[in-house]
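Enquirer: One structure, as structure tokens, below. Some questions next.
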Amino acid sequence: MKISVVGCGYLGAVHAACMAELGHEVIGVDVDERKIAALQAGTAPFYEPGLPELLARVSATGRLTFSTDMAAAAGADAHFICVGTPQTHGEFRADLTYVDAATRQLAPFLRPGDVVAGKSTVPVGTAERLAATLEATGATVVWNPEFLREGFAVHDTLHPDRLVYGLPTDEDGVTTPAGEKAKAVLDEVYAAPLAAGTPLVVTDRATAQLVKVAANSFLATKISFINAMAELCEATGADVTRLADAIGFDPRIGRKFLNAGLGFGGGCLPKDIRAFMARAGELGVSDALGFLQEIDAINMRRRVRMVDLAREVCHGSIVGRRVAVLGAAFKPDSDDVRDSPALSVAAQMQLQGAHVTVTDPQAIANARAAWPDLRFAETALEAARGADVVLLATEWPEYRELDPDRLGAVVAAKAMLDGRNVLDPARWRSAGWTYRALGRP
Ligand code: UGA
């Protein structure tokens, strides 16, 4: 199939490369010249494990090309909208500027019967609005949400947990003939994962748009639930990691996404739950999502609590104290610093008078661009030199495996704050460290 992918960020670049890997002829379009130049050269414009190798492989086949010119999308049978939907400044709702611009620019190149498949996370109702905008082109708008995780994006795209098609329906809820044709196109696009047995949910557009925000809201809820339990553990001397293990053995609960610590960040979960609340308000059902306000509040409280813990181990004040922050990315295996809990805590401590040095295996350049006032170091040992307190904020494997004795030899005071509950307290304490964590005695 001929496929266009509009928007080549974390989602679109991976989708484009994976579709080419599946055998399709793919054109990726983005307005960012730097990004397109990198992709044209067969290199990844951001850190994502496995993507450089995949790009090199599929670029060599000639099936994957990139352009800053939307005209290059002409002639594709399916056009995937993969642009960002960030939080609007000063508001909860999603900023749809990029989705609207992408659709408007694509419109002149659409032919009747072309499929426009939205992948961006959008407020429910957006697909229907875009369909009305594109009606004159004769193209069919469907919603095909994406569930990939950064760090596992290539695997998740080639081997998804599930595929969801949101097709246009008539007043009786029956898929329209154009919707049936669009389904056949998507079936061909995803022939390989479908043949491998990937579950497929075919539904209407509203449900498909809701599926995505519902999934992310559920994940955010799981994380904030365990972080609320961490608050209880802190009040009682209990251990939230053992609590999570114990409740996680119940298959109805499950252990995944019950890791307590600094909470969730990134370009998806935080802004998605807020945009969902904003949309519910517009629909007159804000009570239904009132609980997400609490999920957000629990999440943000963890960051405040971490600064308080730092103050505690520094005997009441962090003013003038040297703090090493291990991790800047919002999670390991990513260079993404959007709403990163690690950087948020680092910046707070700096604002409150500490001398903060941040390190990260991949995200220093992005972190420096976002917070130029912070100091950065290349390695954990360098960041920790002379530190009064060390905070493990992103659980990169190399930080989990740190040697307490080697680190202990360079710090001014052996105080470890484990913001992700990934270190062995006994090992660090026996090496002479003060070990503190969120939700652990
Ligand atoms: C999330 C979803 O997991 C994907 O399914 C979805 O496709 C994606 O958003 C999206 O909307 O595009 P991602 O943002 O890559 O993926 O990151 P997650 O793995 O979900 O982690 C989000 C945050 O939660 C991270 O800051 C992580 O450190 C934190 N987290 C995760 C916890 O604090 N505890 C956990 O147990 C799990």
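The values are calculated or read from the model by the stated rules, or taken from the named source; none is laboratory data. In this text the structure is predicted, and so the values were computed from the model without any measurement. Glycine gets a Cβ as well: all are built from the backbone with ideal geometry, and neighbour counts include every protein chain shown. The protein model used for the area step is the full one, side chains on, heavy atoms only, and it has no ligands, DNA or RNA in it. Shrake-Rupley method; radii C 1.70, N 1.55, O 1.52, S 1.80 Å.
Enquirer: Kindly indicate the residue of segment 229-252 that is small (Gly, Ala, Ser) and touching a residue at least 12 places away in the same chain (Cβ under 8 Å) and also farthest from residue 279 (Cα to Cα) among those meeting that condition.
Expert: Ranking the qualifying residues of segment 229-252, first place goes to 237.
Enquirer: Going by what's in this entry, would residue 207 be described as more than 16 Å from the ligand (Cβ to nearest atom), part of a strand (DSSP E or B) and not assigned by TED's automatic domain parsing to the domain that holds residue 28?
Expert: So residue 207 does not fit the description; no.
Enquirer: Just to be sure before I move on: is residue 247 more than 11 Å from the ligand (Cβ to nearest atom) and either part of a helix (DSSP H, G or I) or open to solvent by 20 Å² or more (accessible area, probe 1.4 Å) (or both) in the structure I sent?
Expert: yes
Enquirer: Would you confirm whether any residue within segment 81-88 is crowded, with 19+ Cβ neighbours inside 10 Å, small (Gly, Ala, Ser) and touching an Asp or Glu at 6+ places or on another chain (Cβ under 8 Å)?
Expert: no
Enquirer: Between 225, 218, which is surrounded by 14 or more Cβ atoms within 10 Å (Cβ to Cβ), among the aromatic types (Phe, Trp, Tyr) and within 30 Å of residue 336 (Cα to Cα)?
Expert: Exactly one residue qualifies, and that residue is 225.
Enquirer: Wholly within segment 288-384, which helices (runs of 4 or more DSSP H) include no fewer than the required count, namely at least 3 residues that are more than 16 Å from the ligand (Cβ to nearest atom) and over 23 Å from the mean Cα position of the chain (by Cα)?
Expert: Ranges flagged: 290-313, 341-351, 380-384.
Enquirer: Sticking with this one: Considering every residue within segment 347-369, establish whether at least one is surrounded by fewer than 21 Cβ atoms within 10 Å (Cβ to Cβ) and closer than 22 Å to residue 223 by Cβ.
Expert: Scanning segment 347-369, I find at least one residue that is surrounded by fewer than 21 Cβ atoms within 10 Å (Cβ to Cβ) and closer than 22 Å to residue 223 by Cβ, so the answer is yes.
Enquirer: Kindly provide the set of residues from segment 212-228 that are more than 11 Å from the ligand (Cβ to nearest atom) and either more than 14 Å from residue 274 (Cα to Cα) or part of a strand (DSSP E or B) (or both), ordered by number.
Expert: 228
Enquirer: Could you list, in sequence order, all residues of segment 106-164 that are over 30 Å from residue 57 (Cα atoms) and under 18 Å from the mean Cα position of the chain (by Cα)?
Expert: Passing the criteria: 122, 123.
Enquirer: Also, I was wondering about something else. Just give me the residues in segment 294-317 being of a type in the set (A, V, I, L, M, F, W, C), free of Cβ contacts under 8 Å to residues at least 40 places away in the same chain and open to solvent by less than 60 Å² (accessible area, probe 1.4 Å), in sequence order.
Expert: Hit for segment 294-317 is 297, nothing else.
Enquirer: Next question. For residue 164, only one of the following conditions fails: (1) within 12 Å of the ligand (Cβ to nearest atom); (2) assigned to a loop (DSSP other than H, G, I, E, B); (3) open to solvent by less than 30 Å² (accessible area, probe 1.4 Å). What is its number?
Expert: The failed condition is (2).
Enquirer: Failed condition for residue 391, given (1) in contact (Cβ under 8 Å) with a residue 24 or more places away in the chain; (2) in contact with a strand residue (DSSP E or B) (Cβ under 7 Å, 6 or more places away or on another chain); (3) away from the ligand (no atom under 16 Å from the Cβ), with all others met?
Expert: Unmet for residue 391, out of (1) in contact (Cβ under 8 Å) with a residue 24 or more places away in the chain; (2) in contact with a strand residue (DSSP E or B) (Cβ under 7 Å, 6 or more places away or on another chain); (3) away from the ligand (no atom under 16 Å from the Cβ): (3).
Enquirer: Next question. Let me confirm something: among 37, 13, which residue is within 16 Å of the ligand (Cβ to nearest atom) and either open to solvent by 10 Å² or more (accessible area, probe 1.4 Å) or touching a Pro at 6+ places or on another chain (Cβ under 8 Å) (or both)?
Expert: Answer to the selection: 13.
Enquirer: Just checking, which of 184, 178, 136 is surrounded by fewer than 20 Cβ atoms within 10 Å (Cβ to Cβ), under 22 Å from residue 105 (Cα atoms) and of a type outside the set (Ser, Thr, Tyr)?
Expert: That would be 136, the only listed residue that is surrounded by fewer than 20 Cβ atoms within 10 Å (Cβ to Cβ), under 22 Å from residue 105 (Cα atoms) and of a type outside the set (Ser, Thr, Tyr).
Enquirer: Just checking, how many residues over segment 229-243 are within 14 Å of the ligand (Cβ to nearest atom) and either aliphatic (A, V, I, L, M) or touching a Cys at 6+ places or on another chain (Cβ under 6 Å) (or both)?
Expert: Result for segment 229-243: 4.
Enquirer: For residue 277, work out the one condition from (1) within 15 Å of the ligand (Cβ to nearest atom); (2) in a helix (DSSP H, G or I); (3) open to solvent by less than 40 Å² (accessible area, probe 1.4 Å) it doesn't fulfil.
Expert: Failing condition for residue 277: (1).
Enquirer: Just to be sure, is residue 437 in contact with an Asp or Glu (Cβ under 7 Å, 6 or more places away or on another chain) and open to solvent by 10 Å² or more (accessible area, probe 1.4 Å)?
Expert: Spelling it out, it is not the case that residue 437 is in contact with an Asp or Glu (Cβ under 7 Å, 6 or more places away or on another chain) and open to solvent by 10 Å² or more (accessible area, probe 1.4 Å).
Enquirer: Test residue 22 against the criterion of being open to solvent by 10 Å² or more (accessible area, probe 1.4 Å), within 16 Å of the ligand (Cβ to nearest atom) and of a type in the set (A, V, I, L, M), and give yes or no.
Expert: So residue 22 does not fit the description; no.
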